[in-house]
Amino acid sequence: MDSFDLLVGPIGCLVPCDGPAPRVGPALRDLPTRSGAAVGVREGRIAFVGPWAEVADARASTRLDATNRTVLPGLIDPHTHVPFLGDRSAEVRLRLEGKSYMEIGRAGGGILSTMRSVRQAREEALFAAACKTAHGFLRQGVTTFEAKSGYGLEPGTEERQLRVLRRLDQRGPQRVVSTFLGAHFVPPEFKGEADRYVDLIVEEMIPAIAAAGLARFCDVFCEEGAFTVEQSRRILVAGRSAGLLPRLHADEIEDTGGAALAAEVGAVSADHLMAASAEGIAAMARAGVCATLLPGTSFYLRKPYAPARDFVEAGCPVALSTDCNPGSSYTTNLLNVATLAVFGMGLMPEEALWAVTLNAAYALRIHEECGSLAVGRRADLTVWDVPSYLHLFYPYGDMPLRTVICQGRLSWSSCPVHGPEERS
Ligand code: NIG
Ligand code: FE
């Protein structure tokens, strides 16, 4: 007879989000579910997905009843700005009074404000801040997230941020995928000499970070007031030659041709895209670039939402993310972001759920490891106290998350982890 470390079942509504990645076009409207199902876990991996009746009598060290509950893969956030610290709450008032995000940045606030806090912080303080944010994500059911440098803007601090992320990944329980974003903003030492800062990135920072294996991706904030298309191209191509996969903050505030650049350099993902043009969308679709959309940023900056329907209809893979950062979108609540995508951007609930599971994993090229509930995948599961996935979008602003299983372990619960039903 089978034996499991953990057996979840019977499950009222199992949403495995499995199948080939990425999920695109009309297939995004179809989100298969199973009732009366079970998931068995062994050594941190999924060992069984199928009818409860087949495993009800199996030996299991721990059992988790999910009657009348919905089970999804652990959510995946493919774009965050962890690690950061410092307080930019005063910017909220400035923005509400009419100052734009980029105006605040140009005046020395914004990204440069967080840069000052991060440059001053010792590695332990930065690590402690990152652990706190990671726990915030865990409480929202996020079992894997992308995270990046970009608040150092000088070699030593950029590397320190990436070392913190490596420690965070090693510590667990969540998996952390790292990105080098040295080109987040032109630092004060290079004011008016962005090209010289780009030289430093291309000639020193990328080779050192790639050699140390500190990042998987290379990203650029391609935006009026940050880096031009030409500078972004230079950085992404240099990163690619060093083995860092390109991704891009594209057309976040203005249409600067970032989406087209993402297609040209074969980026795995272009992110934000609130101002993307029709030509940019078509180019991304042709090149198979994932559109990672961040409706929390539109909400928080009071900007229009990205044209999500156009991306879906063009056949682009679409993923959703919090953009968690202290300036333009300070949240770890990915379900809330999915809710904004549904009610603000016009995605259907099914599309939004693919976008925070399998397609989010695809945006990080880890879809063979996680993002779906299938045998062999990492045992990252979320158990929600709702009878069907549609109920995740029915009351809004609530957090009906009950239990988070990360790499096969009970990692978070809205009731004590050793409550009666979780006991072996
Ligand atoms: O994705 N736009 C660039 N970077 C972030 C914001 C970072 C910050 O404001 O600290 C973003 O919106
Ligand atoms: Fe961002």
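The values are calculated or read from the model by the stated rules, or taken from the named source; none is laboratory data. It should be emphasised that the depicted structure is a prediction, and the values quoted were computed from it without experimental measurement. Using ideal geometry, Cβ is built from the backbone for each residue, glycine included, and neighbour counts are taken over all protein chains shown. We work out accessible area using only protein heavy atoms, side chains counted, and drop any ligands, DNA or RNA first. Shrake-Rupley method; radii C 1.70, N 1.55, O 1.52, S 1.80 Å.
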*Integer Hz, Karplus 6.51/-1.76/1.60 couplings in order for the range 161-176, x for Gly and Pro*: 4, 6, 5, 4, 5, 5, 4, 4, 5, 5, 6, x, x, 7, 8, 10
_Just to be sure I understand: with springs between alpha-carbon atoms less than 10 Å apart, which residue in ALA338, ALA212, ALA355 has the highest mean-square fluctuation in the Gaussian network model of the chain?_
ALA212
*If you count, for each residue, the other Cβ atoms within 10 Å and average over each peptide, how do 30-40, 99-109 line up from highest to lowest?*
30-40, 99-109
*Would you calculate the separation in nanometres between label points at SER61 and LEU96, each defined as 7 Å from the Cα along the Cα-to-beta-carbon direction?*
4.9 nm
*Two-site label geometry, SER3 and ALA374: point separation in nm, points 7 Å out along Cα→Cβ*: 2.9 nm
*Shape category assigned to the range 79-205 from the gyration tensor of Cα positions, a/c cut at 1.5*: oblate
_Vicinal HN-Hα couplings computed from phi for the range 33-48 (Karplus, 6.51 cos²θ - 1.76 cosθ + 1.60; Hz; Gly/Pro x)_ = 10, 9, 10, x, 9, 8, 10, x, 10, 9, 6, x, 10, 6, 10, 8
*For the range 60-96 and the range 170-204, what is the separation of their C-alpha centers, rounded to whole Å?*
25 Å
_Accessible area (Å², per residue) of the range 76-363, counting only protein heavy atoms and a probe of 1.4 Å_ = 34 Å²
*Tell me, what is the percent relative contact order of the range 159-219, built from C-alpha pairs under 8 Å that lie six or more residues apart?*
46 percent
*Spatially close lysines, pair count over the chain: Cα under 26 Å, gap of eight or more or interchain*: 5
_Charge dipole of the chain about the Cα centre (unit charges at C-beta), most positive-ward option of GLY225, THR339, VAL268_ = THR339
*Ranked from the most accessible area to the least, with a 1.4 Å probe and all protein chains present, what is the order of THR67, THR143?*
THR67, THR143
*What nm distance separates the two modelled labels at ARG365 and LYS191, each placed 7 Å from Cα along Cα→Cβ?*
3.8 nm
*asked:* Under the rule a/c < 1.5 gives rounded, and otherwise a/b versus b/c splits prolate from oblate, where does the range 275-398 land using the Cα gyration tensor?
replied: oblate
*Distance between Cα centroids, the range 231-296 to the range 105-124: provide it in whole Å.*
26 Å
*By per-residue mean of other Cβ atoms within 10 Å, what is the highest-first order of 197-206, 179-188, 119-128?*
179-188, 197-206, 119-128
*Would you mind checking which residues have amide H under 5 Å from ASP323's amide H? H placed 1.01 Å from N; only 5 or more apart, or other chain.*
HIS79
_Can you classify the range 76-363 as rounded, prolate or oblate using the Cα gyration tensor, where a ≥ b ≥ c are the square roots of its eigenvalues, rounded means a/c under 1.5, and otherwise it's prolate if a/b beats b/c and oblate if not?_
rounded
*With all protein chains present, how much of the accessible area of the range 76-363 (probe radius 1.4 Å) comes from carbon and sulfur, to the nearest whole percent?*
51 percent
_Per residue of the range 65-72, what does 6.51 cos²θ - 1.76 cosθ + 1.60 with θ = phi - 60° give for ³J(HN,Hα)? Whole Hz please, x for Gly and Pro, Karplus curve as stated._
6, 10, 4, 6, 10, 10, 10, 10
*Evaluate the relative contact order of the chain (contact order divided by residue number), counting alpha-carbon pairs under 8 angstrom at least 6 apart; express in whole percent.*
21 percent
